[in-house]
Structure formats: structure tokens, C-alpha cells
Amino acid sequence: MTVPSETPLAVITGASSGIGYALAEQFATNGFDVVIAAEDEELRTAAESLGAHGRSVLPVRCDLATERGVEQLCAAIAATGRPVDSLALNAGVGVGGPFVETDLRAELNLLALNITSPVVLAKRLLPDMVARGHGRVLFTSSIAATAPGPFYATYAASKAFLYSLSESIRDELKGTGVTVTALMPGPTDTEFFARAGMEDTRAGETAHKDDPADVAERGFKALMAGKHHVVAASFVNKAMVASGRLMPEPAKAAMQRRLTEPGKGDDDKDRNGRC
Ligand SMILES: NC(=O)c1ccc[n+]([C@@H]2O[C@H](COP(=O)([O-])OP(=O)(O)OC[C@H]3O[C@@H](n4cnc5c(N)ncnc54)[C@H](OP(=O)(O)O)[C@@H]3O)[C@@H](O)[C@H]2O)c1
């Protein structure tokens, strides 16, 4: 049973750093209580900082790449006894490198975190939103969803999956009062590239990384406006996405390869890239 509350509740995964933390800040500064999830100890520090905005903050440490971790988060949300107004499915990692060489366990961890966990969480929380006739879901996809991704193949495919899933569910839920939005950042200044082992790529070295606070603000506004997606990237990256619509996949793959191939980072800091 859910307990009525004046204050809306938002759930944000991957909220200990980067875009997820900035999304949690958007919610907290716009009158939402927040449940924030991540795996590591830094989540506690993030919760303390978010608490400064005067809203209730519930940190849930869990490994969302595991079934147990996803269930831990679901149980913590249920224990609040409150309806979820907004769900930001943001936690994600990349794995950089040649597909034939990358560690299979790292790839499977990526698939579990980037694909399985948002599917399970959306499936668990959407029915209640539909029953109430109100709710919002934000999937953090990427502009990487719009092209093949040599040297981070499973990552780009996972973001294409999320983009398609988001637009599909959105269409299914027309008229229910529940909206679904895909956030599509370009290269953003977070821990992503270091964690993905992609610092020695042109995309990793680009000087044009966006500020996660700006990306999150654009994502939050799009979510509140019920938009189907938002490309939260620099003008150059937006232009790349737009021009890519006219290109065949092999051409897009070749263009992307220049940005994501390991060992190709150099001093040319003017390059852009998808991530
Ligand atoms: N940065 C970019 O250029 C860029 C561009 C487009 C899309 N994105 C997407 O934006 C999202 C956020 O990434 P970011 O750039 O903000 O990177 P980030 O700073 O590395 O943040 C990743 C977040 O995911 C959490 N996370 C990772 N593994 C987890 C696990 N197994 N269980 C629970 N939480 C886990 C991390 O928490 P822990 O540290 O506790 O693991 C952290 O809070 C990702 O989905 C990413 O694909 C990023």
C-alpha cells in the first residue's frame, strides 16, 4: 500500500557521480524527495551533499548489475510506502577496446547493468504509475545509440537498445498519463571514459566534453515536459547526429572508429565523439 504524500518522490540510479548525481540535484532542487542508488561508498557523500537542498534523501547501495542488487533497490523503494513520481534509469558503464580482446565478464556486467537492470526496474515500477495515471521515466541513453560503435561495441548497442525501448514503451503508454523520455548525452565530463578504459581514444581526449550539470538540466526539463527524447550535447555533436541520419551504417562505423579506437588519442583537442 502506498502512503499519500505532498512531496513527489524520484528514484535515480547511478547517482553517486556524473550525470546521475546532477540529475538527483535537479530533482532535489525542484521539490522532489529522492531515492538514490549506486554501488560504492561515494554514494554516502553524494547523499550528504544532496541533503543540503532540504529534501529527504535515501541512499541505497546496491550492485545493479546483479539480480540481488536490483531487488534491494525495489525493496527499498517499496519500504518508503510512497508512489514513485519519476524514475531516472541512469546507471551505466562502458567497456572500451577491440571486441575480440575485451573481458567477457566486463561485457556481461555491462549488459546486466545497462540493459537488464533498467528493463527490470521499469517493469517493476511502471504498472503502479499506469494504475495511478501519472508518472515519468527517464532512460539515460546516449548519442552513441545513433551509430555503430567500433571499440565499444556492446556499449553502443546497449544505448541503442535503451533508445528503442524508451520510444517503444512511450508509444505503448500514450494516453495513460505516464511519459517516457530518452536522455541522449554526447561526451560529458564524468568518470565514464576512465572507467571504460577509453582515455586513450580521441573521444576520451576531446576538449568538448559537456558539463554533467547542463546535461542533467536538459534531461530534467525534457522529462518534466514529457518529451520523447532530448539530445543533450554540443552543437557539433548534434550536427553529427543529424548528418548521421543520412549516412549508411558502414560509413557511420568508419567515422566512429576514428573517435573510439584505442591508442589514437592525440593532441588534437578539437575532435568530438559519441559516448
Ligand atoms: N559521460 C559521457 O560522456 C556519457 C555520454 C552519454 C551517455 N552517458 C551515460 O550516462 C550515464 C551516467 O554515466 P556518467 O557519465 O555520469 O558516468 P559516471 O560518473 O561513471 O557514473 C556512473 C554511475 O553509475 C553507477 N554504477 C556503475 N556501476 C554500477 C553498478 N554495478 N551498480 C550500481 N550503480 C553502478 C556509478 O556508481 P558507483 O561508482 O557506485 O559504481 C555511478 O553513480 C551512463 O548510463 C552512461 O552510459 C555518459
Descending Cα extents along the principal axes, the range 57-104, whole Å: 47, 21, 14
Area of residue 189 that stays accessible when all protein chains are in place (1.4 Å probe, Å², to 10): 100
Pairs beyond 26 Å (Cα-Cα), from 159/252; 174/252; 238/264; 209/264; 123/252: 174/252; 123/252
For residue 229, distant residues with modelled amide H under 5 Å away: 182
Mean Cβ count within 10 Å, highest first, over the residues of peptides 174-183, 212-221: 212-221, 174-183
With DNA, RNA and ligands ignored, accessible area of residue 234 (1.4 Å probe; Å², nearest 10): 30
Length-normalised contact order of the chain in % [C-alpha pairs under 8 Å, at least 6 apart]: 19
Residue-averaged 222 nm ellipticity for the chain, from DSSP H runs of 4+ at -39500 (n - 2.57), nearest 500: -14000 deg cm²/dmol
Per-peptide average of other Cβ atoms within 10 Å, ordering 97-106, 141-150 highest first: 141-150, 97-106
Spacing of the two label points (7 Å from each Cα toward its C-beta) at residue 109 and residue 213, in nm: 3.1
The chain: mean projected area of Cα convex hull, nm²: 13.9
Burial ranking of peptide ranges 23-34, 122-133, 63-74 (average Cβ count within 10 Å, highest at the top): 23-34, 63-74, 122-133
Amide proton proximity set for residue 62, modelled H, under 5 Å, gap of 5+: 38, 39
Sequence of 43, 246 when ordered by accessible area, the most exposed leading, probe 1.4 angstrom: 246, 43
Average accessible area per residue (Å²) across the range 9-260 - probe 1.4 Å, nucleic acids and ligands excluded: 42
Rounded to 10°, Cα long-axis angle of helix 235-244 versus longest principal axis of the chain: 70
Using alpha-carbon coordinates, inclination of helix 212-225 to the longest axis of the chain, degrees: 50
Apportionment of accessible area to carbon and sulfur, the range 227-268, percent (1.4 Å): 61
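The values are calculated or read from the model by the stated rules, or taken from the named source; none is laboratory data. Since this is a predicted model, take the numbers as computed values, not measurements. Cβ sites come from the backbone with ideal geometry, for glycine too, and all protein chains shown count toward neighbours. For the accessible areas, the whole protein counts, side chains as well, though only heavy atoms, and no ligand, DNA or RNA atoms are used. Shrake-Rupley method; radii C 1.70, N 1.55, O 1.52, S 1.80 Å.
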